[in-house]
1. Give all pairs with beta carbons closer than 7 Å in which a residue from segment 163-181 that is more than 15 Å from ligand 1 (Cβ to nearest atom) meets a residue that is basic (K, R); count only pairs at least 6 apart in sequence or on separate chains.
2. If you go through segment 304-317 one residue at a time, how many are part of a helix (DSSP H, G or I) and open to solvent by 60 Å² or more (accessible area, probe 1.4 Å)?
3. Is it the case that segment 223-238 has a residue that's within 16 Å of ligand 1 (Cβ to nearest atom), on the phi > 0 side of the Ramachandran plot and open to solvent by less than 70 Å² (accessible area, probe 1.4 Å)?
4. It is to be established whether one or more residues within segment 124-131 are within 14 Å of ligand 1 (Cβ to nearest atom), modelled with pLDDT of 95 or more, over 18 Å from the mean Cα position of the chain (by Cα) and open to solvent by 20 Å² or more (accessible area, probe 1.4 Å).
5. So, in segment 13-48, exactly how many residues are among the aliphatic types (A, V, I, L, M), farther than 18 Å from D116 by Cα and more than 13 Å from ligand 1 (Cβ to nearest atom)?
6. Which of the residues belonging to segment 45-75 are open to solvent by less than 30 Å² (accessible area, probe 1.4 Å), part of a helix (DSSP H, G or I) and more than 16 Å from ligand 2 (Cβ to nearest atom)?
7. When residues of segment 110-123 are filtered for being more than 16 Å from ligand 2 (Cβ to nearest atom) and open to solvent by less than 30 Å² (accessible area, probe 1.4 Å), how many remain?
8. Taking the condition over 20 Å from T174 (Cα atoms) and either at pLDDT 95 or above or hydrophobic (A, V, I, L, M, F, W, C) (or both), does F45 pass?
Amino acid sequence: MAEIGTHIEKAAHLLRSGELVAIPTETVYGLAGNALNPEAVAKIFETKNRPHFNPLIVHVPDVPAAKKYVQHFPEPADKLARAFWPGPLTLVLQKKTIISDLVTAGLDTVGLRCPDHPLTHNLLSQLAFPLAAPSANLFGRVSPTRPEHVNEQLGHLIPYILDGGLCTVGIESTIVGFEKNRPVIYRLGGITVEQLQEVIGEVFINTHSSANPKTPGQLKSHYAPSKKVVLGKMEDLLQQYPAHCSGILTLSKNFNSPYQRMLSTTGNLHEAAHNLFQALRDFETMPVDVILAELVEEQGLGRAINDRLRRAAAAEP
Ligand code: AMP
Ligand code: MG
């Protein structure tokens, strides 16, 4: 198992030596390596068993650091960074050659993010290089929101997990790119469509699922627990699946089952996002064969929650 601790110096030392370290962010835990060191980057793909066509997000401490790795920072990107960094927003911009094709899966763009977590911010500020960091889980599986989740899946493969406690946002960053200067959302996440629109006006959404996406993260099947996930109206699902061997996942409706998780008893979507991945994990240890889940309202963080539930349901366990 990996050591879990709060030693920034130790994490920095390992990263400088080309090792991988799991790092806390406000979204989910990341599996971090020196983004400018091809061997460290290769190790990230190997450790996660991640296909090489899936690019990595590069983490920086602030906007000036981000500017070192891109050709230019278009005005709408600058506005978004000023509004939401540090925070759960990834900006996809034209890369400089210092960022290798391995990091970006051959794309000429790079996804950059400034995470909002004091430990990781401190770590990034001490390093002379940015950190490539996908979520610290095996490819296609549920993302980790606490150090123990990382240890369960990757603990035997990495030396150290920087312990930043529970992730506050709990789902991944929103990814925004620019096509002919139009902002396009590639992944729904912790910053809502409505928040983006307030800052830059109209945004386009292109999160279409496919088996081999041009801009990945759009994989149809993702975030999958090891049990089958079925979506629908809970009352209907319970007609088809016996309650005594079904996990029940709802926002706030109570079905009085020992195998139920409610994402937020008050129907708060922030709380729901924060609890989502832990709830999906909880079903793993329950004696249930299937996870029945109800979508939430399709607005605000609800869109990102529904996106994760749909991709979880698209997976073959
Ligand atoms: P993960 O870090 O595992 O949550 O996944 C990172 C995701 O970021 C990828 O699957 C892509 O969707 C997205 N991404 C990273 N870099 C780019 C890029 N240059 N262009 C488009 N999407 C990107
Ligand atoms: Mg991931």
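1. Note: pairs meeting the criteria are L166/R146.
2. Counting residues in segment 304-317 that are part of a helix (DSSP H, G or I) and open to solvent by 60 Å² or more (accessible area, probe 1.4 Å) gives 1.
3. Of segment 223-238, the ones within 16 Å of ligand 1 (Cβ to nearest atom) are 223-224.
Filter once more, keeping what is on the phi > 0 side of the Ramachandran plot: 223.
Subset that is open to solvent by less than 70 Å² (accessible area, probe 1.4 Å): 223.
Within segment 223-238, one or more residues are within 16 Å of ligand 1 (Cβ to nearest atom), on the phi > 0 side of the Ramachandran plot and open to solvent by less than 70 Å² (accessible area, probe 1.4 Å).
4. Among the residues of segment 124-131, not one is within 14 Å of ligand 1 (Cβ to nearest atom), modelled with pLDDT of 95 or more, over 18 Å from the mean Cα position of the chain (by Cα) and open to solvent by 20 Å² or more (accessible area, probe 1.4 Å), which makes the answer no.
5. Total satisfying the criteria: 6.
6. Residues satisfying the conditions are A65, A66.
7. 6
8. Against the criterion (over 20 Å from T174 (Cα atoms) and either at pLDDT 95 or above or hydrophobic (A, V, I, L, M, F, W, C) (or both)), F45 qualifies.
The values are calculated or read from the model by the stated rules, or taken from the named source; none is laboratory data. Just so we're clear, the structure is a prediction, and the values are computed from it rather than from any experiment. Cβ coordinates were reconstructed from backbone atoms using ideal geometry, including for glycine residues, and neighbour counts include every protein chain displayed. SASA here: full protein model, heavy atoms, side chains in, ligands and nucleic acids out. Shrake-Rupley method; radii C 1.70, N 1.55, O 1.52, S 1.80 Å.
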